[in-house]
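S.K.: Just passing along the structure, written as structure tokens.
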Amino acid sequence: MSDYEVEDRINDSLSFSYFCGMSIDQVAPDHSTISRFRTLMTQKGAYEELFRSINAQLEAHGIIVKTGALVDSSIVDTPLKPKGSSRYEVLDQDKQEDAIVDQPVEVKKDIAPSVDTEEAWVKKAGKLRYGYKKYHLTDDEGMIMGLLTTPANVNEISNLEEVLDTVNLPEGTTLKADKGYQSQKNSEILQRRKLKNHIMKKAKRNKTLTPWEKKFNNLIGKTRFNVERSFGSINRWFSGGVARYRGLEKMHTQNLMEAICHNLYLSPGIIASNGV
């Protein structure tokens with residue numbers, strides 16, 4: 001909901017006011033107060049601390065289990081994109097070192113001052129998109145343990161280390177990822193951190209996958225889909241996948257709030273199925 005809608009619903013609904021800790025005779029804060037408070041929380045890094053605090057409680061109760069980790073990324077589109085005709089300059093990432101076929105390419109465009117200049121153009125599956133990219137690091141059940149937000153044109157193969165820095169994984173943890181993360185650099189990162197490398201194998205030019213590598217990818221895929229499901233669940237449950245704020249910091253706040261809600265929403269089912 002927008003800040004205007006939050007203000008209206010608190011004043012109109014007893015359940016909303018009760019959830020916010022307000023009595024029936026109290027009036028909701030003005031929508032601008034809600035916005036300023038969120039901005040202050042963002043500047044102080046409070047949402048990051050809240051996310052870690054809640055996850056620490058979930059881990060203490062055995063709901064988040066760090067025996068395995070899954071990583072993937074998703075583009076968050078924005079309505080604050082440049083409009084009208086313009087010339088595009090496309091930079092083909094396939095020609096860059098460690099680039100992957102079918103990965104997004106960076107697109108540069110002259111944009112008006114009114115749009116969010118911290119976002120970026122990419123081309124994925126033949127379609128131009130403008131926005132941010134969020135990275136989820138989840139456990140094997142899909143519970144989000146770490147989160148990173150970047151402009152959309154950042155290539156996922158190049159920042160695995162930054163994603164791993166968002167959570168403290170124990171040595172020996174198995175990391176699963178799609179073939180987009182397969183590179184010598186990433187293999188060395190996992191080896192240095194003493195994490196087990198279960199990144200899916202990638203075919204090379206004039207060299208197809210062996211039967212063993214195909215079987216390995218199939219086994220990884222049986223668990224790795226849970227990180228992809230975390231993006232779909234947020235989109236379905238909380239109307240995610242669309243940027244609601246302007247700027248990288250505030251978009252990271254949105255992604256953190258969605259991740260917190262996702263983990264809390266998913267927790268009862270994990271408790272019921274695992275008897276935690």
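Values quoted throughout were computed directly from the atomic coordinates according to the rules given, and no laboratory measurement underlies them. All of these numbers come straight from a predicted model, not from anything done at the bench. A quick note on method: Cβ atoms are made from the backbone with ideal geometry, for glycine too, and the neighbour counts reach across all protein chains shown.
S.K.: What order do you get for 202-209, 114-121 when each peptide is scored by the mean count of other beta carbon atoms within 10 Å, highest first? Intermediate values should be presented prior to the final figure.
M.R.: On the way: 202-209: 10.0, 114-121: 18.5.
Highest to lowest by the protection proxy: 114-121, 202-209.
S.K.: What GluC sites (Glu not before Pro) does the stretch 156-228 have in DSSP loop regions with at most 14 other beta carbons within 10 Å?
M.R.: Hits after loop and neighbour filter: Glu171.
S.K.: Further question on the same structure: Between their Cα atoms, which of Lys44/Lys83; Lys81/Lys201; Lys66/Lys214; Lys127/Lys204; Lys81/Lys202; Lys83/Lys179 are more than 31 Å away from each other?
M.R.: Lys44/Lys83; Lys81/Lys201; Lys81/Lys202; Lys83/Lys179
S.K.: Express in % the proportion of alpha carbon pairs of the stretch 169-276 at distances exceeding 24 Å.
M.R.: Roughly 47 percent, once rounded to a whole number.
S.K.: Something else: Highest first, please rank the peptides 22-32, 255-265, 142-152 by the mean number of other Cβ atoms sitting within 10 Å of their residues. Intermediate results must be reported in sequence, preceding the final value.
M.R.: Values: 22-32: 11.9, 255-265: 19.6, 142-152: 22.0.
For the peptides 22-32, 255-265, 142-152, the packing ranking is 142-152, 255-265, 22-32.
S.K.: Net charge around Gln43, counting only other residues with Cβ within less than 11 Å of its Cβ (Lys, Arg = +1; Asp, Glu = -1)?
M.R.: My count for the surroundings of Gln43 gives +3.
S.K.: Next up: Is the shape of the stretch 1-60 best called rounded, prolate or oblate, per the rule: a/c under 1.5 gives rounded, else a/b larger than b/c gives prolate, else oblate, with a ≥ b ≥ c the square roots of the Cα gyration tensor eigenvalues? Show your work: numbers first, answer last.
M.R.: Numbers: a/c = 2.88, a/b = 1.54, b/c = 1.87.
It is oblate, given that a/c is not under 1.5 and a/b is not larger than b/c.
S.K.: For every helix of n ≥ 4 consecutive DSSP H residues, a contribution of -39,500 (n - 2.57) applies; sum these over the chain, divide by its total residues, and give [θ] at 222 nm rounded to the nearest 500 deg cm²/dmol.
M.R.: -13000 deg cm²/dmol, from helical runs alone.
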